[in-house]
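Remarks on the structure that follows.
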Amino acid sequence: MTGQASLSSRPLARLWPRRRPSVLPGFGLTLGFAVFYLGLLVLLPLAAVFLRAAGLTPEAFWALVTHPRTIAALRVSFGASLVAAFINVGFGALTAWVLVRYRFPGRRLLDAVVDLPFALPTAVAGIALSSLYAVNGPLGGLLAPLGIKVAYTWLGVVVALTFIGLPFVVRTVQPVLEDLDKGQEEAAATLGASRWQTLRRVVLPALAPALLTGFTLAFARAVGEYGSVIFIAGNLPYRTEIAPLLIVIQLGEYNYAGATALAVVMLVIAFVLLLAINLLQAWSRRRLGGV
Amino acid sequence: MDHPMPPAPASPTPGPSAARAFPSRRRGRWHPPTTETAPTRAVLIAGAVLFLLLVLLAPLISVFAEALADGLPGYVAALTDPEALSAIRLTLLVAVLSVPLNALFGLAAAWAIAKFEFPGKSLFITVIDLPFSISPVIAGLVYVLVYGAHGVLGPFLQAHDLQVVFALPGIVLATMFVTVPFVARELIPLMQEQGTGDEEAALSLGASGWQTFWRVTLPNVKWALLYGVLLCNARAMGEFGAVAVVSGRIRGFTNTMPLQVEILYNEYNTVAAFAVASLLAVLALATLVLKTLLEWRYGDALMARRGH
């Protein structure tokens, strides 16, 4: 009887593996605490947003989400984030390449500086960028005679999002570049490839998963960014108003339905991006054996 | 492979024909085929340095330049303003409350994930990283929807005269939300890499569970723990979006330093705004220096570290 029972439960066990017995103590305590903590702090409050959104009729939800101002804010957030992420991939790859492959004075300082956007509070970055790129600021003053206005325009949003996104690309590409086997480049050179051909056909494909992961990380961060953008953006509705700011404005007007609907849209997009990042990282691990 | 040949150096090296046959063996100005020519390298380095200078360093420099625009007395006056002092106190208090709790969570989560096998583990790891993918503004919004006057628990809290939103508890909760992953994500890969061998040895020698944790596990991960706490603290003290939504910006009461920066800047009190901002910039610089020192000195003990 018992043998039969264990036999019949085997397919289920394969799908849902039992916890492997361990001599170490504390599994229940630590997992219990961690799940309780995460649930109370993150998951239940997030569920409240979806619960609140579920209280809206589908028509009302759709009307809120497709309101012209909401659409415009989402377009600004996504458009500027996309442009910033592309800039970050270009200059992030260049920075990673220079830091890994070349030796020059100040390299380690430069390497440390890359993490500045992680460490500098976003509001500080925001007011600093804003005063730098204002028409009467040191950098904005240089660009103004050329007819380029950065602060209080769409370009300002891109500058701020480039600032906060750069380390994501550099720190994703850098370790892959460090682990890259130089033998492959030597082999390509031996076989008569020019340096440019080697870079394009050997190095770039090896870096592709890391570049794509860095792009997605920078993009995901940029879409939700608030602090560094609002000072430099000018925040004109329909023009330079980002989606997170619109949530704050709607909350200030006690428009909880509007804020919730927009938050749900952004959360769903964030989940999709998170899934994409996980899949990309799994892909690059398979390809390179570890990011 | 027809690179232009530089003139032969003075030292006795193989002749040009030998160098052409074995280009990678040649040293000096002749570059091996697996790197770029010296001018290309110089252009690439200059490009990267210029970009980092303009995009990353210029804002940092401008914070200090603007803060000291009215000289030292103006700077000191801005920082000793009662509202600025109360913002500094609140920011420190929020960090003191939220960082240790998140460190405790990180240790517990890493212990369960790294030392045991259980179903749903990879999902659990993904959920820990979730706050990194969520806009800080939404992190603030969720607490307003739960604890605000119109929130799920609003009537209950009002009946018991408890205030969460627009008060310290809301600020601490929102800060904890956005900083949850920092310690955990430093510890999990490291502890997974270290496995369970050391702990099993300690237990087999008669140590209790707590003794094993304090004397074996904690010393093994202390630098990674410090690293995570450092990053967690920097974000906790600098968090703006999430806190802006839940704080209500009551001056002198629920204004943290980043919020004080915003208010002063919007009032065109630029020097005072940058003075408070400069303290946060110093915090960021100190974090970077300590982080870099940890990476140089204890790189191996931090292993499996990656950017986020």
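The values are calculated or read from the model by the stated rules, or taken from the named source; none is laboratory data. A quick note: this is a predicted structure, and the numbers were derived from the prediction, not measured. For neighbour counting, all protein chains shown are included, and Cβ atoms are generated from backbone atoms with ideal geometry for every residue, glycine included. For the accessible areas, the whole protein counts, side chains as well, though only heavy atoms, and no ligand, DNA or RNA atoms are used. Shrake-Rupley method; radii C 1.70, N 1.55, O 1.52, S 1.80 Å.
One table, with the values for the structure above:
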quantity	calculated
Residues of the stretch B:90-128 classified as of a type in the set (Gly, Ala, Ser) and closer than 30 Å to B:Ser247 by Cβ, total	6
Any hit, the stretch A:58-80, residues being basic (Lys, Arg) and under 23 Å from the mean Cα position of the chain (by Cα)	yes
Meets criteria (away from every other protein chain (no Cβ under 11 Å), open to solvent by less than 20 Å² (accessible area, probe 1.4 Å) and within 16 Å of the chain's Cα centre (by Cα)) for A:Pro209	yes
Single condition A:Leu29 does not satisfy, out of (1) open to solvent by 70 Å² or more (accessible area, probe 1.4 Å); (2) at pLDDT below 85	(2)
A:Ala151 open to solvent by less than 10 Å² (accessible area, probe 1.4 Å) and under 20 Å from the mean Cα position of the chain (by Cα)	no
Matching residues in the stretch B:237-291 - criterion: being aliphatic (A, V, I, L, M), open to solvent by less than 10 Å² (accessible area, probe 1.4 Å) and more than 17 Å from B:Ile88 (Cα to Cα)	B:Ala242, B:Val246
Single unsatisfied condition, B:Ala202 versus (1) open to solvent by 80 Å² or more (accessible area, probe 1.4 Å); (2) in contact with a Ser or Thr (Cβ under 7 Å, 6 or more places away or on another chain)	(1)
Residue in the stretch A:172-193 that is within 9 Å of chain B (Cβ to nearest Cβ), open to solvent by less than 30 Å² (accessible area, probe 1.4 Å) and closer than 30 Å to A:Leu74 by Cβ present	yes
Condition met for A:Pro17 (exposed (fewer than 14 other Cβ atoms within 10 Å of the Cβ) and at pLDDT 90 or above)	no
Matching option when the condition is assigned to a helix (DSSP H, G or I), open to solvent by 70 Å² or more (accessible area, probe 1.4 Å), among the hydrophobic types (A, V, I, L, M, F, W, C) and modelled with pLDDT of 90 or more, among A:Leu74, A:Leu64, A:Leu40	A:Leu40
Residue count for the stretch A:91-128, restricted to those that are open to solvent by less than 10 Å² (accessible area, probe 1.4 Å), within 21 Å of the chain's Cα centre (by Cα) and closer than 19 Å to A:Arg200 by Cα	3
Pair list, Cβ under 6 Å, 6 or more apart: the stretch B:194-209 residue without any contact (Cβ under 8 Å) to a residue 24 or more places away in the chain, other residue of a type in the set (S, T, N, Q)	B:Ala202/B:Thr212; B:Leu203/B:Thr212
